[in-house]
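Remarks on the structure that follows.
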Amino acid sequence: MHLEDFLETLKSDPTFARNVSYWGVRKAQESRYSPIPDEVHPFLKKHLDHQGIEQLYTHQAEVFRAVRQGRDVVITTPTASGKSLAYNLPVLDELIRNPDAKALYLFPTKALSQDQIKGLGAFEIPDLRLYIYDGDTPSSIRQSARRNGRIIVTNPDMLHTGILPNHPKWVKIFDGLQFIILDELHTYRGVFGSHLANVMRRLVRVASFYNSKPVFIASSATIDNPDELFEQITGRKPLVVAKSGAPLGEKHYIIYNPPLVAPEQGIRRGVVLEGHRVATRFIKNGSATIVFARSRLNTEVILSYLKKSFKGSAARIAGYRGGYLPNERREIELGLKEGSIIGIVSTNALELGIDIGSLDVSILAGYPGSVASFHQQAGRSGRTDRVSASVLITSNSPLDQYIAAHPEFLMEKSPEAALINPSNVYVLVDQVKCAAFELPFRETEPFGTEEITDVLSYLEEEEVLHCEEGVYHWQDRSYPAENVSLRSASISNFVIVLMENGKRRVIGEMDRESVPEILFENAIYIHGSEQYTVTKLDWDKQIAYVERSRPNYYTDALTKSDIKVLEHNLEEEHAAYRAFLSEVLVRTAAVKYKKIRFNTHENIGYGDINLPPTEMHTKSLILSFQAHVFQGLSRDECENILLALAHLLKNISPIYVMTDMRDIGTAETLKEQVIGLPTVFLYDRYPGGVGLADRLFEVKDELLQAALWRVQECSCKDGCPSCVGPDRFNKKGTEEVLKRILARMLQEQEAGRKEG
Amino acid sequence: MKRLDLYRLGRGSQQERAVGVDAQVPRSDRGKSGQRGRDRRFRLLEELRERTGGEIVTGDGGALLLVEEHIPLDHRHGTVSLHEAFGAGSERVGTLFPLIRELGQGSVGFRDLLFFDIETTGLSGGAGTYLFLAGFLRTVDDGFHLRQFFMHSLSSERFFLEEIGRELRETPFLVSYNGKSYDYNILRNRYIMAGLPSLEQEPVHLDLLYTSRRLWRGLFPEYTLSTVEERALGLRRFDDIPGWQIPAVYADYLRGREVSGELTRIIFHNRGDVLSLLALLLKQLGLIDSALNAQPGTAEQYDPVALSDILITDMRKEEARTVLSANRESNEVLKRLILMYKRDRQYDHALRHLEELHARQAGLADYLFSCTEAAKIYEHRVGDFETALRYTERMLRRLERAKQFGRIDAGFEQVRHEILHRMKRLQRKLGRLV
């Protein structure tokens, strides 16, 4: 059956339709073309002609013209709209014309680098040598890359530890470096983005030492703040190219909220089972379907179920995990094209711009955590000339349930912002070290837009830098980039060592802050779907020893956080609450852990944790509610409601900040030390903060509103994991308190309007 | 609060963790820069000049200490007498370095060489590693001349580099230890960083690390200069400063701490390194000659295979054969000798040595080698298919026995397939197979 007709039958099939909480249709859009600009080099024109490209999409032509004028550009058109061609065209054009020009391409993953180099190589431009430079590049090729490369394709980590600290070896590339291409800009957020912004400051600094001033071209998924993110990362104001000229076929967006199995407790059927069920229907209909699962484990389970369902033609169903070799991937791609493969189950490995060919249906088993990811995964299905569909299957989590009830967050302008904080002092100090290693700093020299005289003199005190005649030189025997991980703000990581057959093998690392909660002795540590037991934790040497094990439970630490306010940066007083954005010291102690059985999630025992408390300085949103908000409630009730509020606010916050909710910590107190009011803290779990608390401070009213909606819309009786948390929390009381807060806020706004 | 106060607070107790060499030096004078640091540094340089008998050279906004020394002919370094540099073999540096011949340079002698070693502010290379001491040694009429340049301060770098560049420009051949991938790279980096025109004509670089690894392959636990000079030159250094401590001492000097004693030791250490380069080259050249004349058993330690390779590249095939012959108690050497005879089409010699290897009750791989090579020669060169077949059958029996005892796994099928193929061909040639 044609997908179009099949969708009609689904609509009228109650077993499917009764679970649909949203069904929207995006109309087909005609392509908008622009003639290939006259300035495009004849060689490229010929190539485009061979490819059957007679005209460009409007956005591609727009980018070409802007880059030719020396503008910095960020492209935010949708998945599969020809973004790569948009940035490759002006770059290659210049590289053909100017034999001294070079370009540096940065991709967040190796697989993307491979894909891109294939795409660039296809132009077959004579004498234009392309190199991938990453950890897998053999040393013989590295030398040739440095000498003969015109385009270097690499990743941020390699740039940080390999290229920049050795820039004199790369003199040929830096002399004439004209373009820096940042693909998937929105992935550079949080601590990674904060580091990357500083790596870009270093890159610009080194380039200008060789008298080069490269243009930045970036591509990004649709987010609320691509221009702000671009500016924070590159230090330049970009032209945002958002209007796509690429054609779009008709597309159905369906949010499928699995049926409740225990309505009182608010428990729904799981996304794995439902994902399998929905996928089976589409595949049986003959629609090429991709299922995205939220973890490797879920990927495996859904894959095995689907293979069982299609016994006899199991080969037509393929799994797709991160870390697949290029030839394995090519096989799958080929299978899809030829129709020998009809179903794919994938982790989010495919999300980032890798082209796997067109599919009819994408099924997201669980909300992927951000609107940008949602659109990237949903965008995997879609053809220009046919109808396609995307089904989001929502889980029990408050965020998923919120989205099921408020699809406008997915379908209208994305409210989520990619946040970074390049001035995070922990990141900054580390990055200034790396920068000073690369080139000495003059006493008053800024670092990008950042004044750093304080950091320089601090590093001199620490005897890492040495100042002579107004110039700060690196003066330490270490190689600083080696000790700075772009993916953590932690000063020191713990290593996880597997003891097996008398051999030691490092299987992972963990930031110091998370260790007491995850790597305590007897903890079950899960890594790559394998289970391990922590046998010993050596706190001083920063090593956790683990061995393989297969117990039927996992462990969950019970932590207690005390928060000490160091300083308020922002402060607001309202009728319902007082809000602060503050520097805080979070002291966390893990004292006990629970053993929780898999599947049933029942608690089957406790154990003690004997570890010193950890302290971290970070930023927090502090919401202190005015006394009347909690009037008439008992102490116990107040406590429970504060816990519920913290849980709700944290779980809903990813609507506004592109982050994993584990990056946000919470604490609550009945009497805040200074002002004595019941208070909730939402703090950034990275030392120094990466901008999460700042954004939460901005959107606090929206968060409170969303929290109320979530509680009101939840079908459970006394609270469930989808709203205020498990049953010990007070759902009714929470609702009442939120209503009081919102009512006051409304009054205040109206009063303000009258006055205004 | 200032952000760095927050930073210090956040780092908390972590600070104590950073304990390195620097901890041995009092940290009371943290970050003393400016005039006071400069005055102290000058005083230290003066002290150093007195201790080393050097001379302070200034110019172009910088200063350096130049230490010069004449080293007489009869100087001994470890077990090596340096006067050998004036001996008969001294014009044959090209023996060790085929590169010289490839460049069409005829005979290169010690007078064409500049021995060179540096000390740096870090050990991992990269743009932030500075070069602060460079030692150069060249051969003169009545011995050797050593010149060492010590950089007074980081702001003197440009001047310092230009002075070093003068040394380098006057020389066609540079001899170092691991200098190809380390010392010279650092020097090149520094030139770029200081904005100096690059060293236009780079000298030909002869790196003794590579020849040491080759000649003494498998004989030393590692091939650092200190191990090689101990093992090969019998050198024991007195009151030497370990290399890993050097960067921290120079950092302390820059910060005006009292380290002129340690600096003197570093300068002496560098002198030792440069002398070791000279001694090492003499030793390696001597090894080639002495190996030819040595009685079996009394010879110096060396890898005969590597040595014969060197001689072959030097077009000294007969000498290479002599070296191999004298050391043929090793199966490896014997195999090399066999292959050499085979290449020279001296099949009777090759077969004689194959018999010898065959009779040695060698391990599986060597046994298979002897049978295969013998079978090939009998089949293709002698035309004795019967004997060739006998060797092939022996080989098959041995292989299958090894399999039975579980001594072979990977590659078994492949080898067996090759043997059976040869057997079939031989049987066909003998008319036993249609």
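Taking the alpha carbon gyration tensor of region A:465-611, multiplying each eigenvalue by 5 and rooting it gives semi-axes of 35, 29, 12 Å, largest first. What the Cα convex hull of chain A gives, in volume per residue, is 194 Å³. Remark: spin-label model distance A:ASP5-A:VAL25 equals 1.7 nm, labels positioned 7 Å along the Cα→Cβ axis.
More than 20 Å apart: what percent of Cα pairs in region A:357-431 qualify?
The proportion of pairs with Cα distances above 20 Å equals 46 percent.
Extending 7 Å from the Cα toward the beta-carbon at both A:GLU702 and A:GLU461 defines two label points whose distance is 4.0 nm.
Given their separation in residues at 0.36 nm each and the Cα-Cα distance between them, A:ASN603 and A:ASP13 gain 208.4 nm when the chain is fully extended. Of all stretches in chain B that contain no chymotrypsin sites (Phe, Trp or Tyr not before Pro) in a DSSP loop with at most 15 other Cβ atoms within 10 Å, the longest one is B:1-237. Loop-located trypsin sites (Lys or Arg not before Pro) in region A:1-79 (DSSP state not H, G, I, E or B) with no more than 12 neighbouring Cβ atoms inside 10 Å: A:ARG18, A:LYS27. Taking region A:603-638 and a reference point 7 angstrom along Cα→Cβ of A:GLU571, the backbone N atoms nearer than 20 Å belong to A:618-628. Ordered by the count of other Cβ atoms within 10 Å of each Cβ, fewest first, A:ASP718, B:ASP303 give A:ASP718, B:ASP303.
Between region A:385-417 and region B:327-377, the alpha-carbon centres lie 75 Å apart.
What translational D, rounded to a whole number of µm²/s, comes out for region B:319-408 from Stokes-Einstein when the hydrodynamic radius is the Kirkwood one over Cα pairs, at 25 °C and 0.890 mPa s? Answer, rounded: 182 µm²/s.
Output the Kirkwood hydrodynamic radius of region A:342-471, Cα pairs only, in Å rounded to one decimal. Radius from the Kirkwood sum: 19.0 Å.
Excluding the sites themselves, what is the longest stretch of chain A that contains no GluC sites (Glu not before Pro) in a DSSP loop with at most 14 other C-beta atoms within 10 Å? If you can, show how the numbers build up before the last one.
Working: sites that count: A:GLU30, A:GLU39, A:GLU54, A:GLU124, A:GLU412, A:GLU443, A:GLU451, A:GLU469, A:GLU602.
That would be A:125-411.
So what's the projected area for chain B, the Cα convex hull averaged over all directions, in nm²?
Working: hull surface 125.2 nm².
So the Cα hull casts an average projection of 31.3 nm².
In units of the rule-of-thumb radius 2.2 N^0.38 Å, region A:1-82 shows an alpha carbon radius of gyration of 1.74. Three semi-axes describe the equivalent ellipsoid of region A:687-727; taken as square roots of 5 times the Cα gyration tensor eigenvalues and ordered largest first, they are 27, 13, 5 Å. Values of log10 I(q)/I(0) for region B:33-289 across q = 0.10, 0.12, 0.13, 0.16 Å⁻¹ run -0.49, -0.71, -0.83, -1.25, by the Debye formula with one identical scatterer at each alpha carbon and no solvent. Within chain A, the whole DSSP H helices whose Cα atoms reach 24 Å or more along their own axis and whose mean Kyte-Doolittle score is at least 0.5 are A:190-209. The distance from the alpha carbon centre of region A:427-446 to that of region A:132-157 is 25 Å, rounded to a whole number. Taken over the Cα atoms of region B:361-434, the convex hull encloses 84 Å³ per residue.
Looking at region A:33-241, the DSSP beta bridges with both ends there are about 10 percent antiparallel.
Fully extending the segment from B:ASP142 to B:GLU318 would add 59.8 nm, taking 0.36 nm per residue of separation and subtracting the current Cα-Cα distance.
Put in line by how crowded their Cβ is, counting other Cβ atoms within 10 Å and starting with the fewest, A:CYS434, A:CYS714 read A:CYS714, A:CYS434. Look at A:SER140, A:SER388 and count the other Cβ atoms within 10 Å of each Cβ; fewest to most, that gives A:SER140, A:SER388.
When the trypsin sites (Lys or Arg not before Pro) in region A:232-335 are filtered for DSSP coil states and for at most 12 other beta-carbon atoms within 10 Å of their beta-carbon, the remaining sites are A:LYS243, A:LYS311.
Can you work out the FRET efficiency for the pair A:LYS564 and A:ARG330, with r the C-beta to C-beta distance and R0 = 56 Å, to the nearest 0.05? Mind showing how you got there, number by number?
Details: r = 56 Å, r/R0 = 1.00.
Rounded to the nearest 0.05, the efficiency is 0.50.
Find the relative contact order for chain B and round it to a whole percent, using C-alpha pairs within less than 8 Å whose residues are 6+ positions apart. Please list the in-between numbers first.
Values: 561 pairs, mean separation 60.5, N = 434.
Averaging sequence separation for qualifying contacts and normalising by length gives 14 percent for chain B.
Close amide H contacts of A:LYS592 (hydrogens built in the peptide plane, cut-off under 5 Å, sequence separation of 5 or more or a different chain): A:LEU558, A:ILE609. The mean sequence distance of close C-alpha pairs (under 8 Å, at least 6 residues apart), as a share of the length of chain A, puts its relative contact order at 12 percent. Name the most mobile residue of B:THR95, B:THR120, B:THR372, meaning the one with the largest mean-square fluctuation, in a Gaussian network model of chain B with Cα contacts below 10 Å. Top of the fluctuation ranking is B:THR372.
Past 22 Å, Cα to Cα, is the threshold; run A:LYS594/A:LYS731; A:LYS11/A:LYS337; A:LYS102/A:LYS213; A:LYS541/A:LYS650 against it and keep the listed order. Intermediate values should be presented prior to the final figure.
Numbers: A:LYS594/A:LYS731 24 Å; A:LYS11/A:LYS337 29 Å; A:LYS102/A:LYS213 11 Å; A:LYS541/A:LYS650 34 Å.
Over 22 Å apart, Cα to Cα: A:LYS594/A:LYS731; A:LYS11/A:LYS337; A:LYS541/A:LYS650.
Pairwise Cα separations in region A:493-551 fall into 5 Å bins from 0 onward with the following percentages, short to long: 4, 21, 35, 27, 10, 2, 0. With R₀ set to 41 Å, the beta-carbon distance separating A:SER309 from A:ASP718 gives a calculated FRET efficiency near 0.65. How many nm is it between the label spots at A:SER139 and B:GLU356, if each spot is 7 Å from the Cα in line with the beta carbon? Using points 7 Å along Cα→Cβ, the separation is 3.8 nm.
Taking 0.36 nm per residue of separation and subtracting the current Cα-Cα distance, fully stretching the chain between B:HIS70 and B:ASP240 would add 59.1 nm. Size descriptors for region A:33-241 (Cα atoms only): Rg and Dmax, in that order, 16.1, 45 Å.
Ratio of Rg to Rh for region A:425-483, alpha carbon only, Kirkwood? Don't skip to the answer; put the middle values down first.
Values: Rg = 10.2 Å, Rh = 11.2 Å.
Rounded to two decimals, Rg/Rh equals 0.91.
Which whole-number percent is the relative contact order of region A:33-241 (Cα, under 8 Å, 6+ apart)? This gives 27 percent for region A:33-241.
Rule-based calculations on the coordinates, nothing more; no lab input. Since the model is a prediction, treat every value here as computed from it, not as a measurement. Every residue, glycine among them, receives a Cβ derived from its backbone with ideal geometry; neighbour counts consider all protein chains shown.
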